[in-house]
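**Q** Sharing a structure here in structure tokens format.
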Amino acid sequence: MSATNTIPFTLAGVRHGALLCVPFVPGYFLFGAAIGALAAQKGLTFGEALLMNAIVCAAASQMVALEMWRADWTWMHVLAVAGVAAMVNLRFVLSGASLRPWLSPVRAGFVYPALGVLTDGAWAASIRYNAEGGRDFGVLAGSSVFLWLTWISAGVPGYWLGALVTNPHAFGLDLLIVFTFTATLVPILKRTRQFMPLAVSGLVAVAVSYLAPGYWFIAAGAIAGALAAAFWTPKGAP
Amino acid sequence: MSGELHNGHLYAIAAMAVVTLLLRIGGYWIIGRVPLTARLRRGLEALPVAIFAASVLPLAIKGGPAGWIAGPVVAATMYLSGKEILALAAGIAAASFVRGMGF
């Protein structure tokens, strides 16, 4: 099958995408246990906890939202929790934007459903595959759906066994996103050598993280790094 | 606006889901509606590295000694081995060790 005449969409690609994400599975289950424990503690039913994994499917925002979870809700509280989710998940706007140059020719009916369940792991694996010259849309679809299903599955033992991981901090599970992102960043840097945007983004993000509350530093740093790359014309470019 | 909601849990989960979905498709959608100049393309190409750096650095610094040590351990393991699973295990081991020492 072909999504367009320029970007392939193959079953082999789907399988490759899923395989690329296998290394994330243990981390997802650990994080799932940490969030499951919190969900159980905050009075979510097993069904609600699974539903949240399935339709929100963004671990960091789920964790922050569960921290402020309550027994009684008003519309204001619902709005507040949605606002927090928006702030923590703002990075998805940028991840989506970064996929456009690759996936532009792919039909919307294929791209948007895959983007709907995009996670950091799937994005990281796909963008690395693309940075290494791969173009099969199946890799994005496969990695996204695979990790989406993984995250839902992780909710099952997570909710029931979560009590065993009462202190995720002790195992550095609060740093899991640092570890997975660093592990993905290294090979991309090795290949692209984009040290200038890296430095600009990192410095701005660190500064903003001390100046502004919440998760604004991710968007601020990332945009600064991208702007630096856009306006710093490399030698030989028009 | 201040009345108590029946099924508040479900409204909250649904609201989070809708907002997150809009963000997931929004960036991709917007970039398709502006002309892709050479400059914009260079910016987009740098975006992945920029997002990684902007997330990793502050979170590692704020993670305390465990973050300062485990972050570089992950980077070094990944650089030398090229295996994510190994890098992840090294990171968790290093962080557990540092935190276990009481830092």
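**Q** Report whether or not A:Leu175 is surrounded by fewer than 22 Cβ atoms within 10 Å (Cβ to Cβ) and modelled with pLDDT under 95.
**A** no
**Q** Separate question: Identify the residue in region A:178-207 that is in the same structural domain as A:Val84 (by TED's automatic domain parsing) and in contact with a Phe, Trp or Tyr (Cβ under 6 Å, 6 or more places away or on another chain) and, among all such residues, is modelled with the highest pLDDT.
**A** Step by step, filter region A:178-207, then rank; the result is A:Val186.
**Q** So which of A:Thr180, A:Thr150 ends up being more than 9 Å from chain B (Cβ to nearest Cβ), within 21 Å of the chain's Cα centre (by Cα) and hydroxyl-bearing (Ser, Thr, Tyr)?
**A** Result: A:Thr150 is the single residue among A:Thr180, A:Thr150 that is more than 9 Å from chain B (Cβ to nearest Cβ), within 21 Å of the chain's Cα centre (by Cα) and hydroxyl-bearing (Ser, Thr, Tyr).
**Q** Which one of B:Arg33, B:Arg99, B:Arg24, B:Arg39 is at negative phi, more than 7 Å from chain A (Cβ to nearest Cβ) and basic (Lys, Arg)?
**A** Unique residue meeting the criteria: B:Arg33.
**Q** I want to confirm something. Restricting to region A:92-131 and keeping residues that are charged (D, E, K, R), over 17 Å from A:Ile55 (Cα atoms) and assigned to a helix (DSSP H, G or I), which single residue is farthest from the other protein chains (Cβ to nearest Cβ)?
**A** Going through the qualifying residues, I end up with A:Arg128.
**Q** State the number of residues belonging to region A:103-114 that are surrounded by fewer than 20 Cβ atoms within 10 Å (Cβ to Cβ) and in contact (Cβ under 8 Å) with a residue 60 or more places away in the chain.
**A** Looking only at that region, the number is 3.
**Q** Output the residues belonging to region A:208-219 that are modelled with pLDDT under 90 and at the interface with chain B (Cβ under 7 Å from one of its Cβ atoms).
**A** The answer is A:Phe217, A:Ile218.
**Q** Looking only at region A:41-57, which residues are over 14 Å from A:Gly83 (Cα atoms), of a type in the set (A, V, I, L, M, F, W, C) and outside any helix (DSSP H, G or I)?
**A** Result: A:Leu44, A:Cys57.
**Q** In a helix (DSSP H, G or I), aliphatic (A, V, I, L, M) and closer than 27 Å to A:Leu66 by Cα: which single residue out of B:Ala76, B:Ala95 fits that description?
**A** B:Ala95
**Q** For region B:9-19, indicate whether the set of residues that are part of a helix (DSSP H, G or I), farther than 22 Å from A:Leu94 by Cβ, β-branched (Val, Ile, Thr) and over 18 Å from the mean Cα position of the chain (by Cα) is non-empty.
**A** yes
**Q** Here's another thing I want to ask about it. Select from region A:67-91 the residues that are within 18 Å of the chain's Cα centre (by Cα), hydrophobic (A, V, I, L, M, F, W, C) and not in a loop (DSSP other than H, G, I, E, B) and list them in ascending order.
**A** A:Ala82, A:Val84, A:Ala85, A:Ala86, A:Met87, A:Val88
Quick grid of which residues meet (1) more than 8 Å from chain A (Cβ to nearest Cβ); (2) buried (at least 21 other Cβ atoms within 10 Å of the Cβ):
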| position | (1), (2) |
| --- | --- |
| B:Ala14 | no, no |
| B:Ile51 | no, yes |
| B:Gly71 | no, yes |
| B:Leu86 | yes, no |
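The values are calculated or read from the model by the stated rules, or taken from the named source; none is laboratory data. Keep in mind that this is a model prediction, so the values were computed, not measured. Glycine gets a Cβ as well: all are built from the backbone with ideal geometry, and neighbour counts include every protein chain shown.
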